[in-house]
Amino acid sequence: MDIGEYSATAGASLYWFRVSRNLEAFFRMKRNNFSVVNKIVQSSPAVKQPKLGFCSSLKQTQVSTVVLDWGSLPHHVVLRIFQYLPLIDRARASSVCRRWNEVFHIPDLWRKFEFELNQSATSYFRSTHPDLIQQIIKKHAVHLQYVSFKVDSSTESAEAACDILSQLVNCSIQTLGLISTAKPSFMNVSKAHFVSALTVVFVNSKSLSSIKIEDTPVDDPSLKILVANNSDTLRLLKMSSCPHVSSDGILCVADHCQGLKELALNYYILSDELLLALSSETHVNLEHLRIDVVSENPGQIEFHPIKKHSWDALIKHSPGVNVVMYFFLYEEEFEPFFKEETPVTHLYFGRSVSKAILGQIGLNCPRLIELVVCANGLQPLDNELICIAEHCKNLTALGLSECEVSCSAFVEFVRLCGRRLTQLSIMEEVLIPDDNYSLDDVHTEVSKYLGRVWFPDVMPIW
């Protein structure tokens with residue numbers, strides 16, 4: 001391809017990317033031969049400009065004209081446009097002409113797909129048409145590699161997703177995600193039906209690397225099937241809120257899937273044995289560990305402590321691991337946590353957390369990078385914040401809501417942290433003016449220490 005041809009192709013590609021943004025008009029004009037004329041000026045090789053008084057001859061500019069209609073667009077351009085289209089629009093576009101229909105069946109177009117399953121009476125989301133689902137299963141299932149299911153809260157949608165999963169027998173899926181836009185969804189499906197459908201994928205896809213099956217009735221036997229068929233390829237496993245999985249089940253995964261780099265689970269199946277298994281010499285370095293600590297009713301769950309030597313073994317083996325903990329507990333349930341050094345890097349408190357616990361975090365969480373406190377009460381957190389600033393040298397993000405901090409203590413906290421605080425989200429009602437600073441003064445002082453303009457967040461009044 002010479003320079004002129006390349007320029008013409010690139011110009012046409014850019015034009016058609018813009019056209020794709022108004023697809024309704026795009027399809028109404030199908031079969032009409034619109035042409036785009038691109039004039040490409042191809043100059044001769046650079047020559048030294050002649051001085052005045054000298055005779056020189058320059059080659060004349062060559063002008064070539066390229067005419068493109070809908071049907072002659074390059075395959076790679078149409079393919080790129082199709083990748084941005086919802087399935088229903090993609091199917092309609094495939095009827096424009098033979099070349100577009102050929103692109104519609106290119107395997108690259110079907111490697112990644114999201115099935116949307118919703119009940120029209122209860123959901124505003126568009127659901128993937130059943131006829132198109134069957135066409136995918138019959139003609140394109142062999143090409144699927146990155147598959148996700150987005151379902152609403154209805155049991156019918158979750159069961160439909162299981163029915164599709166059970167038909168994916170000729171696939172080689174690498175990434176599988178089951179997404180519930182609202183609970184309970186998959187948890188209302190019979191355990192036997194769900195596990196049977198999931199087992200089909202686990203057995204037939206020998207290269208699964210990423211699995212997101214949170215809030216599902218997956219159980220220990222199905223995890224053993226996963227391990228038996230994909231132990232060499234599994235890299236990511238997210239399975240929080242899976243009540244049928246035990247600590248033994250997740251330990252089996254850690255023991256056999258030596259390449260596992262990311263893991264998300266509930267605290268009740270976290271154990272010292274699991275952390276030690278993830279720290280074995282044959283296991284790759286863990287990059288991300290997310291732990292959900294959840295309690296629906298006070299006293300319903302008795303939370304066990306994790307020994308310090310288990311955490312130490314994990315950090316020694318994977319010094320760069322992010323340990324993320326989400327807490328949804330009542331104040332009286334925090335007793336087992338943060339008594340000893342804990343290598344958590346990201347902490348999120350979705351319910352009220354006591355001053356005492358925040359004080360222990362300052363003393364026992366030296367790796368802390370991000371802290372979000374959604375509620376605390378009416379007791380000022382002055383000393384606790386300053387303690388965190390003094391001991392958590394890696395802290396770069398803080399979020400506070402529904403708690404109280406004096407303006408003086410907050411300014412001192414920011415002064416101690418300095419410009420490493422890249423994210424600072426504080427609701428205005430959190431800050432309590434005192435003799436030293438008003439709210440306006442806080443804005444000025446904090447901006448000075450951060451090296452950028454900063455204002456507290458304000459709750460909009462509608």
Scanning segment 130-146 residue by residue, those open to solvent by less than 90 Å² (accessible area, probe 1.4 Å) and within 19 Å of GLU159 (Cβ to Cβ) turn out to be PRO130, LEU132, ILE133, GLN134, ILE136, ILE137
Hey, among the residues in segment 266-288 that are in contact with an Asp or Glu (Cβ under 8 Å, 6 or more places away or on another chain) and aliphatic (A, V, I, L, M), which one's farthest from ARG351 (Cα to Cα)?
ALA277
The residue from ALA356, ALA375, ALA409 that alone is of a type in the set (Gly, Ala, Ser) and modelled with pLDDT of 95 or more is ALA409
When every residue in segment 421-462 that is outside any loop (DSSP other than H, G, I, E, B) and loosely packed, with under 12 Cβ neighbours inside 10 Å is compared, the one modelled with the highest pLDDT is GLN423
For PRO380, are the conditions met, namely being surrounded by 13 or more Cβ atoms within 10 Å (Cβ to Cβ) and in contact with a His (Cβ under 8 Å, 6 or more places away or on another chain)?
no
Among (1) outside any loop (DSSP other than H, G, I, E, B); (2) in contact with a Cys (Cβ under 6 Å, 6 or more places away or on another chain), VAL218 falls short only on (1)
From GLU402, GLU390, grab the single residue that is surrounded by fewer than 20 Cβ atoms within 10 Å (Cβ to Cβ) and in a helix (DSSP H, G or I).
GLU390
Return only the number of the condition from (1) within 19 Å of PHE149 (Cα to Cα); (2) open to solvent by 60 Å² or more (accessible area, probe 1.4 Å); (3) at pLDDT below 75; (4) in contact with a helix residue (DSSP H, G or I) (Cβ under 9 Å, 6 or more places away or on another chain) that SER123 does not satisfy.
(2)
Identify, please: which residue in segment 215-226 is surrounded by fewer than 21 Cβ atoms within 10 Å (Cβ to Cβ) and touching a Ser or Thr at 6+ places or on another chain (Cβ under 8 Å) and is, among those, nearest to SER240 (Cα to Cα)?
ASP215
What number goes with the only condition from (1) part of a helix (DSSP H, G or I); (2) of a type outside the set (A, V, I, L, M); (3) within 21 Å of LEU276 (Cβ to Cβ); (4) open to solvent by 30 Å² or more (accessible area, probe 1.4 Å) that LYS339 does not pass?
(1)
So which residues in segment 227-260 are under 25 Å from VAL293 (Cα atoms), open to solvent by less than 10 Å² (accessible area, probe 1.4 Å) and not in a loop (DSSP other than H, G, I, E, B)?
LEU237, GLY249, ILE250, VAL253, ALA254
HIS304 passes all but one of (1) in a loop (DSSP other than H, G, I, E, B); (2) crowded, with 19+ Cβ neighbours inside 10 Å; (3) touching a Phe, Trp or Tyr at 6+ places or on another chain (Cβ under 9 Å); which number fails?
(2)
Matching residues, segment 80-113, being open to solvent by 30 Å² or more (accessible area, probe 1.4 Å) and part of a helix (DSSP H, G or I):
ARG80, GLN83, ILE88, ARG92, ARG98, ARG99, ASN101, GLU102, PRO107, ASP108
Can you find a residue that is among the hydroxyl-bearing types (Ser, Thr, Tyr), under 22 Å from VAL195 (Cβ atoms), within 26 Å of the chain's Cα centre (by Cα) and modelled with pLDDT of 85 or more anywhere in segment 143-153?
yes
Kindly check whether there is at least one residue in segment 159-169 that is farther than 30 Å from ASP220 by Cα and either touching a residue at least 12 places away in the same chain (Cβ under 8 Å) or assigned to a helix (DSSP H, G or I) (or both).
no
For the condition over 20 Å from LEU263 (Cα atoms), in a helix (DSSP H, G or I) and open to solvent by less than 60 Å² (accessible area, probe 1.4 Å), what is the one hit in ALA182, ALA197?
ALA197
Quick one: in segment 147-179, of everything that is touching an Asp or Glu at 6+ places or on another chain (Cβ under 9 Å) and open to solvent by 20 Å² or more (accessible area, probe 1.4 Å), which residue is farthest from ILE225 (Cα to Cα)?
LYS150
Identify all residues within segment 155-182 that are at pLDDT 90 or above and among the small types (Gly, Ala, Ser); write none if there are none.
SER157, ALA158, ALA160, ALA161, SER166, GLY177
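The values are calculated or read from the model by the stated rules, or taken from the named source; none is laboratory data. Predicted model only: the values in this text are computed from it and were never measured. So basically every Cβ, Gly included, is an ideal-geometry build from the backbone, and we count neighbours across all protein chains shown. Protein only, heavy atoms only, side chains kept; ligands, DNA and RNA dropped before computing areas. Shrake-Rupley method; radii C 1.70, N 1.55, O 1.52, S 1.80 Å.
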